[in-house]
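What follows is a set of notes on a single structure, which appears directly below.
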Amino acid sequence: MRIRILGCGTSTGVPKIGNDWGKCDPDEPRNRRMRSSILVESAGKVMLVDCGPDLRQQLLDAEVGRIDGLIVTHDHADHCHGIDDLRPLSQRLRAPVPLHARPDDVKRFQRRFEYAFVQAGFYPPVAELVALGSDLAWGDARFRFVDQPHGGITSLGMRMSGRLPTGWSDHAARDGRSRVPPCGMSATISVLRPALCRCFAAW
């Protein structure tokens, strides 16, 4: 299993319009950040997690022209308003892109982006809505899901397990780039708010 971070910025990106870098150093190129999204590859299958307004540029930069599925963690614009850019991906698949989300979000997407899920004259549907349960098998990986507080709504938390690529360790690859190490639940919970702790404690 390989995970690639496509974006880790705020809902407005960094810098936001007006060349506002906040507390980020504009002289550090890595501080130029697009909206949150990752790619998960396992056994040759590619899952995109979230499709914000930066999706087109993110996939061009990553030289990715095909995905096999999409998980959308919640219905905020910075996580789903790149849905129109699924069209070339569905054309590559020769089928609608499976879009996985919680049942309540599936209903919201159906209302907000109805045109994306139906045949519209010459244009075929670009995505197919799939309601998520508690877990999902993907290639050699397994996704487990939990609902976590996110302002006045919940967003989808994910725990992924799968086989690391040959030559990787849990902490670092041979090319020297750091990987996210395993973390004990006690260390994770110590930095979470109480409401979030309750979600993960039962996970």
**Study point:** Filtered residues of the range 1-41 (kept if of a type in the set (Val, Ile, Thr) and buried (at least 16 other Cβ atoms within 10 Å of the Cβ))
**Key:** 3, 14, 38, 40
Study note, to complete from the structure: When restricted to 48, 39, 86, 6, the only residue out of contact with any His (no Cβ under 7 Å at 6 or more places or on another chain) and farther than 21 Å from residue 145 by Cα is 86
Point to revise | Test result for residue 92, of a type in the set (D, E, K, R) and in contact with a Gly (Cβ under 9 Å, 6 or more places away or on another chain) | key: yes
Practice item. Pull up the range 42-60, narrow it to residues that are without any contact (Cβ under 8 Å) to a residue 24 or more places away in the chain and part of a helix (DSSP H, G or I), then point me to the one that is surrounded by the most Cβ atoms within 10 Å (Cβ to Cβ). Key: 57
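Yes or no, residue by residue, for (1) farther than 22 Å from residue 156 by Cβ; (2) over 12 Å from the mean Cα position of the chain (by Cα):
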position	(1), (2)
4	no, no
19	yes, yes
31	yes, yes
48	no, no
73	no, no
76	no, yes
86	no, yes
98	no, yes
111	no, yes
Check your understanding: Could you count how many residues in the range 62-74 are over 18 Å from residue 138 (Cα atoms) and free of Cβ contacts under 8 Å to residues at least 40 places away in the same chain?
Key -> 3
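A short reminder: the numbers here are calculations on the coordinates, not readings from a lab. This one's a predicted model, so the numbers in the text were calculated from it and none came from an experiment. Heads up, the Cβs are rebuilt from the backbone with ideal geometry, glycines too, and the neighbour counts pull from every protein chain shown.
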